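Notes follow the structure.
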Amino acid sequence: DTPTNNFATINPLVKAYGNPNTITEGNLKIDQSDDYNQWASTWAVKAGKWYCEFRVGDAGHWGFGVIGDNHDRWFNSVLSPQNGSGAIIYTREGVKNIDGVETSYGNGSSEGDIIGMAFNLDDSEVTFYHNNSDQGAISFSGGILNANLIIPGAMTKNGTTYFNGGSDSSFSGTETEQGNGGAGEDFYYTPPTGYKGLNTDNLSAPAVKLPKEN
C-alpha cells in the first residue's frame, strides 16, 4: 500500500472452519496446514467490474471464487467451506462449485499456476482465467443471488495459496513482477477490458451534498 492508494488483502478476521490460518507477507500469503479453511479479501463490492489474481501454492486442495456476504460457512466449524450456499468456486480439479454442487468447467491446476478472476456485478457473472486462458463466464446462481455484497475469497487445504488484489504480481517473491494494470496496479496478467483492480483509486467519488445557501 501507499498513503494514497490502498489495495485489498486477505482479511485476517475471517476464520471460518475451526483451524487457524497463518497469514504472512503483508496479508497476501495464507498457510492452512491442517485440513480445510476459508479466507476472504478485505474488500466487498456490490456493483461494477473487478479483477484479482490467485497463485496456487503447495496446497493439497484449493478453490478460488466469489462469496456472498450471506455465505453460510463464514464461521461454521462443521462442514467444509466449499459446501455452503452463497459461493461460486473454481477448484483445483477444474470444476466449478456452486453452493456445493460441482460440474465440469475448465483446466485443472497445479503449483505455480495463476488464476485470474474477473467478476462482473453489473451482469451477475464471474469468469476465471487459468494462466491467462479464459475458462468461460459463469452466470450467478444459487445463494449468491441473494447477497448484498460480493467478496473475493477462497478455501485452502494443507498448504499455501497467494492473493493479489493489484499490489504484488510477484506473489510474495515466487514469480517475476509484471506490473500490468492501471491506477498504480501490479497484476501478473493484464485485466480484461473494463475491469479494475481492488484499490481505492478505482472507487467512484462519493456524492457530496452541499449546504443550502441562506
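Of all residues in the stretch 8-47, those that are open to solvent by less than 20 Å² (accessible area, probe 1.4 Å) and modelled with pLDDT of 90 or more total 5. For the stretch 175-214, the set of residues classified as surrounded by 10 or more Cβ atoms within 10 Å (Cβ to Cβ), among the hydroxyl-bearing types (Ser, Thr, Tyr) and at pLDDT below 95 consists of 200 only. Within the stretch 92-132, being within 21 Å of residue 198 (Cα to Cα) and over 17 Å from the mean Cα position of the chain (by Cα) holds for 122, 123.
Selection within the stretch 89-111: residues that are open to solvent by less than 70 Å² (accessible area, probe 1.4 Å) and within 17 Å of residue 36 (Cα to Cα). The member of this set that is modelled with the highest pLDDT is 90.
If a residue must be surrounded by 13 or more Cβ atoms within 10 Å (Cβ to Cβ), in a strand (DSSP E or B) and small (Gly, Ala, Ser), how many such residues does the stretch 138-160 contain? So the count comes out to 3.
In the stretch 63-85, which residue that is open to solvent by less than 10 Å² (accessible area, probe 1.4 Å) and at pLDDT 85 or above is farthest from residue 129 (Cα to Cα)? Among those residues, the one meeting the criterion is 68.
The values are calculated or read from the model by the stated rules, or taken from the named source; none is laboratory data. Small disclaimer: the values here were computed from a predicted structure and weren't measured. Counting neighbours? That spans all protein chains shown, and the Cβs are built from the backbone with ideal geometry, glycine included. With ligands, DNA and RNA removed, areas are computed over all heavy atoms of the protein, side chains included. Shrake-Rupley method; radii C 1.70, N 1.55, O 1.52, S 1.80 Å.
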